[in-house]
Amino acid sequence: MPKVKTHSSSKKRFKVTANGKVKMSHAFRSHRLISKSKKAKKKHRLGAYASSANEATVKALIPYK
């Protein structure tokens, strides 16, 4: 069976946990933070998990992680 190539940008953005969930970072945290509310910035500090609808797609992009 040949190896499957890992999607280069996905391996930097996603991580599969021990339980099989896909962990990721929140979006909208890099620039233009003055116009965003304190509550929005605070909520996006922690990590997030990919939805079950997208989980299989992400796992196919990072087969060996």
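Values quoted throughout were computed directly from the atomic coordinates according to the rules given, and no laboratory measurement underlies them. Values in this document were obtained by computation on a predicted structure and should not be read as measured data. With ideal geometry, Cβ positions are generated from the backbone for all residues, glycine too; neighbour counts draw on all protein chains shown.
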Note to self: Taking the 0 to 90 degree range and rounding to the nearest ten, how far is the long axis of helix 52-61 tilted relative to the main principal axis of the chain, both from C-alpha atoms?
What the structure shows: 60 degrees
Margin query: Please compare each pair in Lys5/Lys41; Lys38/Lys65; Lys3/Lys59 to a cut-off of 26 Å on the Cα-Cα distance and tell me which ones are over it.
Written below: Lys5/Lys41; Lys38/Lys65
Next item on the list: Report the one residue of Pro2, Ala27, Pro63 whose Cα lies farthest in the direction of the positive end of the charge dipole of the chain (charges on C-beta: Lys and Arg +1, Asp and Glu -1; origin at the Cα centre).
Entry: Ala27
Margin query: For a protection proxy built on the mean count of beta-carbon atoms within 10 angstrom, sort 45-58, 25-38 highest first, please.
Written below: 45-58, 25-38
Check: Relative contact order for the chain using alpha-carbon pairs under 8 Å, separation at least 6, rounded to a whole percent?
Finding: 44 percent
Check: So what is the orientation-averaged projected area of the range 17-65, using the convex hull of its C-alpha atoms, in nm²?
Finding: 4.4 nm²
